[in-house]
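Working notes, beginning with the structure itself.
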Amino acid sequence: MLQQADLDPLLRQCEVARARLAGDLSNGGLSAFALARQSDDLGELRAVAADWRKRFKRVVLF
């Protein structure tokens, strides 16, 4: 059975990785993630989504 002492080193590694990712995001790094978090274009995309819902049964995005 896992003990807290077994998990502590892994949790510290996770915290280091989380802090690095948060720092990269706030400093403008990881632009793909920053782009995915933007929502200022959702209004314009609603019309496109409504049109696609009418025209297509399935849509696959890459």
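A short reminder: the numbers here are calculations on the coordinates, not readings from a lab. In this text, all values refer to a predicted model and were calculated from it rather than measured experimentally.
Quick one: among ALA47, ALA17, ALA34, which has the greatest mean-square fluctuation in a GNM of the chain with alpha-carbon springs under 10 angstrom?
For the chain, modelled as a Gaussian network with Cα springs under 10 Å, the answer is ALA47.
What is the gain in length, in nm to one decimal, between PHE56 and ALA17 on full extension, counting 0.36 nm per residue of separation less the C-alpha to C-alpha distance?
Working: separation 39, 0.36 × 39 = 14.04 nm, distance 4.06 nm.
Between PHE56 and ALA17, full extension yields an extra 10.0 nm.
Compute the length gained on full extension between ALA36 and MET1: take 0.36 nm times their separation in residues and subtract their Cα-Cα distance, giving the result in nm to one decimal.
That pair, ALA36 and MET1, stretches by 8.7 nm at full extension.
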